[in-house]
1. Taking the condition more than 30 Å from Arg468 (Cβ to Cβ) and not acidic (Asp, Glu), does Val324 pass?
2. When you check Tyr84 against the structure, is it of a type in the set (Ser, Thr, Tyr) and surrounded by 14 or more Cβ atoms within 10 Å (Cβ to Cβ), yes or no?
3. At least 2 residues that are touching a Ser or Thr at 6+ places or on another chain (Cβ under 7 Å) and surrounded by 16 or more Cβ atoms within 10 Å (Cβ to Cβ) in each: list the helices (runs of 4 or more DSSP H) lying fully within the stretch 337-451 that qualify.
4. With respect to Glu114, is the statement that it is among the acidic types (Asp, Glu) and under 27 Å from Leu258 (Cβ atoms) true?
5. Out of (1) of a type in the set (Val, Ile, Thr); (2) at pLDDT 85 or above; (3) touching a Pro at 6+ places or on another chain (Cβ under 9 Å), the odd one out for Ile160 is which?
6. Could you grab me the full set of residues in the stretch 175-193 that are out of contact with any Pro (no Cβ under 8 Å at 6 or more places or on another chain) and among the charged types (D, E, K, R)?
7. Identify the residue in the stretch 1-59 that is in contact (Cβ under 8 Å) with a residue 24 or more places away in the chain and of a type in the set (Phe, Trp, Tyr) and, among all such residues, is nearest to Gln103 (Cα to Cα).
8. Quick check on the stretch 471-479. Is at least one of its residues surrounded by fewer than 17 Cβ atoms within 10 Å (Cβ to Cβ) and within 16 Å of the chain's Cα centre (by Cα)?
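The values are calculated or read from the model by the stated rules, or taken from the named source; none is laboratory data. Since the model is a prediction, treat every value here as computed from it, not as a measurement. Cβ placement follows ideal geometry from the backbone for every residue including glycine, while neighbour counts extend to all protein chains displayed.
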Amino acid sequence: MTYALPFITLVALAWPLVRTLGRGDLAHMLVRSRRIRVLVTGALAIYLAACLVAFLGPPAVQWVLAAAALICLAVFVVYTHPSYGRRRGLPPGSLTLLGQMDQVDDRFLLKKSERHGPVFKTTLAWVPTVCVVGIDQIVKLVAQHDRRLSRGEMLYSTLIPHRFLRYMECNSWRDRYRPLLAQALVLSGDDRFRTIVSSAVYLELEHIEALSSARNSSGIRPHQLVPAAMLRIFITVIFGAKQNTPEMARLEALYGILNCRKLANGDLPAAGQALSELNDRVRALVDPREGSGDSCGFRTLVEKDPALLADDTVVGNMVAMVQVGSYDHASLLVWIWKYLSDFPEWRDRLRREVESGGNPVKGGLADRIISETLRLEQSEYLKRTALETLEFDGFRIPKGWSVQMCLRESHQDPTHFSAPQRFNPDRFIDDPIPSQGYAPFGIGPGRCPAQQLTYRLAACFLHELVSRYSWRVVADGPRHHDGIHWTPSLDFRIDLTLQLRFLLVSESMGLHDSEVMDDRCIDRGDA
């Protein structure tokens, strides 16, 4: 029997090791995480050491190792089985020791929901997680347990008095600040600023086209250029800073230091200084008594209540909203660009609509393309942590577990959207923003207040893009997960060119592009 004991240890420990290290997301995690590389190396070293001792050690040690290996195997099999915890009321679904398959397979959670139902458990980013799929289910969860679910606060929020809006813990603060901040975003998307929006978008596309031309058909990467362009557009539209000025350059540099998306503990002091200077410069821009900026959404709000400029929570939130919002808008535009490249028939339809006099900033096919892209890609999830053990839909959610509300997968529900994985903007003809099965801006009172601004900016960008430019894809690849969101491939490159008819019109009239832009913006404003 003692001759069999080493082989029992070898096989019993090998099974959980192979099932864990043989996962499809391991290579992804090894590349991204030094911690994973250390753990994998350590696990392999322990396995080899245990096997060596099992074969060379005395019989007593062999018995102990074999028993321990069998216990480990039993625990692993039970813990990872989909039925684990069902007697305690846990949802179905497998738990694993590691877990980032959602960053390797963009349909991983959808497959899980199809197998286990709308409420299931899995492991995401090391943490046991209960996932909820279905807008109706998510609405019910928020209605029942919103106050028992906490948001994971990002570091930049700690730099703002009373915190960033989405992380405010005190209800009185949320009740006070949310209407003010939402109003500033709504005002920024108001019709009175459509000429400013058009001009800002025009200049940024002109800049991107110049870079594309300079690269001799090697193409530009939209995911590299669009975020910076959208940041400048947001700064112009919300704070009134003029483009192509030293002030704009300084604001961009400060936002590069603040870096809300990737702020680390070591960067916190420098980010705090950058936020302080940004606050001061924004005050100087929007102060109606001495502001140096143009008309903008935040200035319009301050004109009604100048005392807002003295509130660091208001100004700090507006500064952070510009960076976070411009990043999300840029991600949306890159996905739209990708879909119009993959399905040029929609690009051509939009171009014909624009040339026939379609509204450049509201309604029509552009809005439907935006809604469809939001449905398919941009709205991914809402993540919370259970502050106490919860009962939901007949299941228990243990305290401390993560709760992920899967919007992207919910938008794939065939009961609300026929052929849900197909890109078809015309599905929104009769119902531009459905109330059932569709929630791209979130759920409940904490939903994003930038809906109007999102459609205004994206529609204007689309109309300028398809009416003035043509492009071709010069490189592409599989979609990529950047650690936060799914994006088009990092290899996605396009060659952007000004359409010949615009060059001919400019040359025949002796105009520069900026002069053509001014005339078009005036016509657009009078429309």
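1. Values: more than 30 Å from Arg468 (Cβ to Cβ): no; not acidic (Asp, Glu): yes.
Here the answer is no, as Val324 does not meet what is asked.
2. Values: of a type in the set (Ser, Thr, Tyr): yes; surrounded by 14 or more Cβ atoms within 10 Å (Cβ to Cβ): yes.
Judged against the criteria, Tyr84 is a match.
3. Numbers: elements: 344-355, 365-373, 407-410.
Here the list reads 344-355, 407-410.
4. So Glu114 does not fit the description; no.
5. Condition not satisfied by Ile160: (3).
6. Just the residues of the stretch 175-193 that are out of contact with any Pro (no Cβ under 8 Å at 6 or more places or on another chain), to begin with: 175-177, 179-180, 183-184, 187-193.
Once the filter is applied, which keeps residues that are out of contact with any Pro (no Cβ under 8 Å at 6 or more places or on another chain) and among the charged types (D, E, K, R), the stretch 175-193 yields Asp175, Arg176, Asp190, Asp191, Arg192.
7. Trp15
8. Checked the stretch 471-479: at least one residue is surrounded by fewer than 17 Cβ atoms within 10 Å (Cβ to Cβ) and within 16 Å of the chain's Cα centre (by Cα).
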